[in-house]
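Here's the structure, in structure tokens; my notes come after.
None of the figures in this text is laboratory data; all of them are computed from the coordinates on show. These numbers were taken from a predicted model, which means no experiment stands behind them. Cβ placement follows ideal geometry from the backbone for every residue including glycine, while neighbour counts extend to all protein chains displayed.
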Amino acid sequence: MQTDATAQQVIEQDASGLLAELAGHERNAIHRASQVRFCSPGEILVSANAPNRTAIFPITALVAVGRGLRDGRAVAAGLVGSEGMLGADIILHTEHVGQVVVQCAGFAYCMPADDLRHHFDASARLQKSILRFAHTLLGQVTQNAVCYRFHALKQRMAKWLLMIDDRSGRLDVGKSIALLSIALGADQREIENAMEQLAAAGAVRHRSGMIAIQRDALEPSACECYEMVRIDRGAEEPR
Ligand SMILES: [Zn+2]
């Protein structure tokens, strides 16, 4: 059950991200039309090849958007936190064919599809914010496609962990191998090996049941794609 403390935290977190670009009355309308729900790591919020009837605005949760094959193998194409949302398919009246899996625990607004279409039509700011994020996500997905083709698993894992850290996400130790296996399209033994290499370099360690990263040690292990997706989401100027 959501406590007053966590509800207050959700509202405070909402002060940043995509919804922060809206006017106060527009944010309030999103609040009223949505259910604030806690998302658990590994939870499937949208199933592959199923119609998507709910828009998702992550607040403190991080979600991975992915695609898979008939045999069940899958890979994440993008990571989304409070800077974005999932529901462009709803606005475009298209069938959702991907899968949305919770990567890091936290809260999200879940809004019925009809309400999203209503608020999108009514708010030029929401239109601008959603369309701008759709462009940003396309950039991330495209860069990740290049990354999967040319860069090693250790590099991709370092990039993914930095992307999680950028969004203030925390990866549960007990579920990290399984979640990273899905996100990075590698088997669990490969994920464990890559994680051990990063741990040996002092880039990751366990702390209070979560994966803690040391950015100075982790950044050298990441491929150049990290800089590209970081630039794409406007985190800061390229170095
Ligand atoms: Zn890469």
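Its DSSP H runs of at least 4 residues, each contributing -39,500 (n - 2.57), put the calculated 222 nm mean residue ellipticity of the chain at -14500 deg cm²/dmol, to the nearest 500.
One decimal place: the segment residue 214-residue 189 gains 6.7 nm when fully extended, by the rule 0.36 nm per residue minus the C-alpha distance. Computed over the chain, relative contact order equals 21 percent, with contacts defined as Cα pairs under 8 Å that lie 6+ residues apart. Ratio to report: Rg/Rh of the stretch 148-234, with Cα atoms as the point set and Rh obtained by the Kirkwood method; give two decimals. On the Cα set of the stretch 148-234, Rg over Rh gives 0.93. For the chain, the average shadow cast by the Cα convex hull is 13.0 nm², which is a quarter of the hull's surface.
Under 24 Å of direct C-alpha separation, and excluding same-chain neighbours fewer than eight residues apart, residue 175 reaches these lysines: 154, 159. So which DSSP H runs in the chain come out at 24 Å plus along the axis (Cα) with average Kyte-Doolittle of at least 0.0? Sorted by number, the helices that extend far enough and score high enough are 124-150. Between residue 205 and residue 149, the contour length at 0.36 nm per residue exceeds the alpha carbon distance by 17.4 nm.
Pairs of C-alpha atoms in the stretch 88-166 farther apart than 19 Å represent 53 percent of all such pairs. Site pair residue 53 and residue 28 shows an inter-label distance of 3.0 nm when each label is modelled 7 Å from Cα along Cα→Cβ.
For the stretch 177-225, what ratio Rg/Rh do Cα atoms give with a Kirkwood hydrodynamic radius?
Reported Rg/Rh, Kirkwood definition of Rh: 0.97.
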